[in-house]
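Notes follow the structure.
Quick note: the coordinates plus some simple rules give every number you see, no bench work behind them. If you're wondering where the values come from, they're calculated on a predicted model, not measured in any experiment. For neighbour counting, all protein chains shown are included, and Cβ atoms are generated from backbone atoms with ideal geometry for every residue, glycine included.
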Amino acid sequence: MSGGFNEIHEAPTTFWSKYIVSYDHKVIAKQFLWYAIFFLGVGGMMALMIRWTLAYPGQPFPIIGKLLLPSTGGVIPPDTYAMLFTLHGTIMIFYAITPLLIGAFGNYCIPLMIGARDMAFPLLNMLSFWFAALSGLILLASLFLPLGGAAGGWTSYPTLSTLIGSPGDGQTLWCLAIFVLGISSTMGAVNYITTVITLRAPGMGYFDMPLTVWGLWLTAILNAIFVPVLGAGVMLLLMDRMFGTTFFLAGASATAGSGDPVLFQHVFWIFGHPEVYILILPAWGIVSDLLSFFSRKPAFGAKATAMSMTAVTILSTLVYGHHMFTTQMSPLLTQSFMTLTMTISIPSAIFFANWLGTIWKGSIRFDSPMLFSLGVVFVFGLGGLTGLHLGTVTTDLYLHDTYFVVGHFHYTMAASVLLGGYAGIYFWFPKMFGRMMNEMMAKIHFWGTMIPLNGIFFGMLMVGYGGMHRRIYNPFVYDSLKRLIPINEMITISAILMGLFQIVFVVNFLYSLWKGKKAPSNPWNVGTLEWTIPSPPVHHNYDEIPVVKCGPHELGNPNLKNGRDFQYQTEELVKG
Amino acid sequence: MRRAELQGNLAMTVTLVSGAMLFITLFMGYAVYRTNAPFWPPLNIDKVPLTWPWISSMIIALSSWTCYQARSLAQKGEWKSAQLFSLFTIFCGLSFVGTQTLLWRDLKMSGIMVDSGVFASILYGFTWIHALHMVLGLGGLVFLHLTLLKVDSKNLYKVMNVERFWHFLGIVWAFMFAGLFLF
C-alpha cells in the first residue's frame, strides 16, 4: 500500500494543540488515562460508601460523610444508597475501566505495537476523547440535581428507570451521558479497526501482532457492533422520559396502550453480555503478552490463544439470555442459552491452559507487571468458575439477584480487568512517561490490592450463597441475614484496606512522573516494536517504519548468541 | 488501492455496520411489539395518513439516484454535471426532512399523538431517529458537494463513501415505510 496517512506530521507547538486538542495518539492515551484514574477514584469512593452502609447502617460515613450529606449528618439514606450503587456500576464500567483499557491502552499500544506513526484518523481520535469527556461531565452534573443522579441500577431496567421509578432528571442525564459515550466508543472502534487492518508495519501478519493488539482489536469489533444496540435502547428510554412515548411503559403507568419493559432487558443484555468481553478482552491480551515476557518464554499456543479469543468474541454475541432466566423465558430458550453459555468455557479453557503452559518451566521474573498478570490468572479463574453456576438454569434460579452475582461479575469484570489495567500501567509507564515506577511501592500495592480484593469478592460470593439479595439497603433488619453480618463487616474492612492501598499507587504514579528513575528504551528486555524506540517515543513514533521479521514473543531462544535472551520483532529469527 | 482510500472505505463500512445495528435493534423491538399486539394498528387508531410517507419515499429514491449520478459523472470526469446532481441531492434531502415534518403534522391532526400508545411511539420515535440520521447525511452531502468542487479524482472515494451512507439511509427508510406504514 502506498500514500495515505502514515507520514510524519509536524509536532504541535502550543499548549492548546499539544495537550488539549492533540491529535497525537500518545497524548490522547494519556488523557484517557487521567480520565480513568479520576473516575476510578470517584467510583471507588462510592463503593466504600455502599460497603459502609451494608456493614454499619445508620452510622455516619467517616471523615467526609457530613460534608457530602449534611442534611442526614453523614448517614447515607436509602435513596442515596440506590443512587450510589447505580452510579458506582455505571462509572466503573463505562467511565473507569473502559477508558483505561480501551481508551488509554488502545490508543497508546495499537499504533506503537503495529509500527504505525498514529491512528488512521487522528481527528476522529481526538473527538472520541472529547465526546467521552462531555459524557463524563453530563453524568457528574446529574449528581447536583435536586433529586440526585440516576438510581435505577447500572442496568437501568424499566420501570425503575422510567418516570414512574425515577422521577428526577438524573436518569434522563444518565441516558444522555451513555448515548454520548456510545458515540465516543463507536468513533474509537472505527479508528482501531481501520488502524489495525491498514497500518500494520510491513511484514507484520495478523499472527505477528502482539496479543494485546488482538484483544484491543476484537474489543473494537464488538464495540462497533453492539454499542449501537444499547444506543437504540437508551434513545427509546430517553424518548419515554422526555417526549411521552410508551416503549417501555406497561400497565397502569402507560395511560394509552402498553409497551414492554422486558424488551429493554433484551436490548440491554444483547449489548451487555458482549460488553463483559469488551472490557475483558484487552486485559486478556495484555496478560497473554506479559506472562510470556516475564516468563522469558514464547507464549504457549499464541495462535490458539488468538483464535480462542476470537471464538469467545463470536460466542459472546449468542449468550445474552442467561441474564434473563428468571423473566419467564421459555424453557427451550433457557436451555439453548445455557448450552451456548457453557460452550464459551471451551475457548476460555484453551487460552487459560495456554497461560499456564506459558509460565510452566519459565524463568519467571516477579516484576510488578508480572505479579498483576498472575493476579489476573487467579481472579479470572475464580470469576470464570463462578460463572458456571450462573450460566446453569437450575443454580441461577437460586442465585439470581443475590450477592453471588455481584461477587462473580466483580471477579471477572472488576478484579480481572483492574489487575490487568494495573499490569499494563506498570509495564508501559516507562514508555509513556520515560521514567520507571518505584518497584517496591508497586509490590506493596499489589499485595495490598490482591489480598483485600479477594476478601471483598469472595466474601460477596459467600453472603450471596447465603441468600443475601444484591440491592438490600440494610441487611440488619432481616433475621435470616443476621448471621451474615460478620462477613459483611469483613468485606467492608477489606474494601477500606484495598482503598487505602490505592493511595500507594497514586503516590507512586505521581512521584514517578517527576522523580522516577529515567527509563531506558527497553527496561523489560522484550522484543515488541514499541521497545525498539526511545522512552518516551518522539512525536511521530518511528523515524523509519519498522519491518517485522519475527513474532512478538521470541524469548529464551537457545540459539541466540548475542548475550540477550530475546529478539526484537525487527530481527531475523535466529535458527540453530 | 491507495491506503487513504482503503481506510476511508473500511471506516465507512464499520460505520454502516454500527448504524445498521442501531436500526436492526429498533426493527427487532418493532417485531416484538407487533407480534404481541392483539390488533395492529390498535383499535383506537383509525387510519394512518399515507400521503407524506409516499412522497417521502419517492423523494428519497430520487435522491439516491441523483447521488449515484453525481458520483458516476465525477468518475467520468464530468465535474460540472456531477456538482449539479450533488446540489439536487441536497435539495432532495432537505425536501425529505420537510415532508417528514408534514407527516408528523398529519399524524397529530389525525389524533395520533406521541403519547397515544406504543403504535404512535413507534411511528414518531423511529421517524425521529431516521430524520436525525438524515440531518447527519445532509452534512455529508454538503461535504460531498465541497469535495466535488475541488475537481480532484483522488477524492472520489470520499464521494463514494458519502453516497454509500446516503443509500443506507434510503434503504432504512424503505424498510420503515414498508413495515410501519404499508403492511
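For segment A:498-576, the calculated P(r), taken from all Cα-Cα distances in 10 Å bins from zero up to the bin holding the longest distance, is 16, 33, 26, 19, 6, 0 percent.
Distance from the C-alpha centroid of segment A:310-330 to that of segment A:193-253: 17 Å, rounded to the whole angstrom.
By the Cα gyration tensor, segment B:29-152 has an equivalent ellipsoid whose semi-axes, rounded to whole angstrom, run 37, 13, 12 from largest to smallest. Compactness of segment A:372-514, taken as the C-alpha radius of gyration over 2.2 N^0.38 Å, stands at 1.20. Can you tell which of A:MET329, B:GLY93, A:ALA36 lies farthest toward the positive end of the dipole of the protein assembly as shown, using +1 and -1 charges on the Cβ of basic and acidic side chains (Lys, Arg; Asp, Glu)? Toward the positive end, the furthest listed residue is A:ALA36. Mean partner shielding of peptide A:224-232, defined as the number of other chain Cβ atoms within 10 Å of each residue Cβ, is 6. Counting only residues at least eight positions apart within a chain, or on another chain, the aspartates and glutamates with an alpha carbon under 14 Å from that of A:LYS431 are A:GLU530.
Computed over the Cα atoms of segment B:1-87, the ratio of the radius of gyration to the Kirkwood radius (Rg/Rh) comes to 1.17. Remark on segment A:28-128: Rg and Dmax equal 18.4, 57 Å (Cα only). When each of the peptides A:483-496, A:501-514 is scored by the mean number of other C-beta atoms lying within 10 Å of its residues, the order from highest to lowest reads A:483-496, A:501-514.
Amide H neighbours of A:PHE566 under 5 Å, at least 5 residues apart or on other chains, H built in the peptide plane: list them. For A:PHE566, whose amide H was placed from the backbone, the distant partners under 5 Å are A:GLY556.
Peptides A:169-181, A:346-358, B:43-55 ranked from most to least packed by the mean count of surrounding Cβ atoms within 10 Å: A:169-181, A:346-358, B:43-55.
Distances over 43 Å make up what percent of all Cα-Cα pairs in segment A:26-532? In whole percent, the long-distance tail amounts to 12. Separation of the alpha carbons by more than 24 angstrom is noted, of A:LYS297/A:LYS561; A:LYS30/A:LYS518; A:LYS549/B:LYS158, for A:LYS549/B:LYS158. 3J(HN,Hα) couplings calculated from phi for segment A:469-484 with the Karplus curve 6.51 cos²θ - 1.76 cosθ + 1.60 (θ = phi - 60°) are, in sequence order, 5, 6, 10, 6, 7, 9, x, 5, 7, 9, 4, 5, 9, 4, 5, 8 Hz; Gly and Pro show x.
As a rough guide to protection, the peptides A:193-205, B:105-117 ranked by mean Cβ packing within 10 Å, highest first, stand as A:193-205, B:105-117. Given A:LEU356, A:MET436, A:VAL262, which one lies farthest toward the positive end of the charge dipole of segment A:26-532, if we put +1 on the Cβ of every Lys and Arg and -1 on the Cβ of every Asp and Glu? After comparing all options, I get A:MET436. In segment A:70-170, the C-alpha radius of gyration followed by the widest Cα-Cα span (Dmax) gives 17.9, 56 angstrom. Counts of other chain beta carbons within 10 angstrom of each beta carbon in peptide A:186-195 average 4. Computed about the Cα centre, the dipole magnitude for chain B is approximately 500 debye when only Lys and Arg (+1) and Asp and Glu (-1) carry charge, each at its Cβ.
Per-residue Karplus couplings for segment A:126-141, computed as 6.51 cos²θ - 1.76 cosθ + 1.60 with θ equal to phi - 60°, are listed in order as 5, 4, 4, 5, 6, 5, 5, 5, 4, 4, x, 5, 4, 5, 5, 4 Hz, Gly and Pro entered as x. A simple spin-label model places pseudo-atoms 7 Å from Cα toward Cβ; at A:GLU7 and B:ILE24 they are separated by 3.9 nm. Over the residues of chain A, the helix contribution to mean residue ellipticity at 222 nm works out to -19500 deg cm²/dmol, using -39500 (n - 2.57) for each DSSP H run of at least 4.
A dipole drawn for the protein assembly as shown from +1 and -1 charges on Cβ atoms has a positive end, and of A:THR198, B:ALA37, A:SER480 the residue lying farthest that way is A:THR198.
Measuring nothing but alpha carbons in segment A:222-332 and taking Rh as the Kirkwood radius, the Rg to Rh ratio lands at 1.18. Taken residue by residue and averaged, Cβ atoms of other chains lying within 10 Å of the Cβ of B:163-171 number 0.
Dipole check for chain A: with +1 at the C-beta of Lys and Arg, -1 at the C-beta of Asp and Glu, and the Cα centre as origin, the magnitude is about 1120 Debye.
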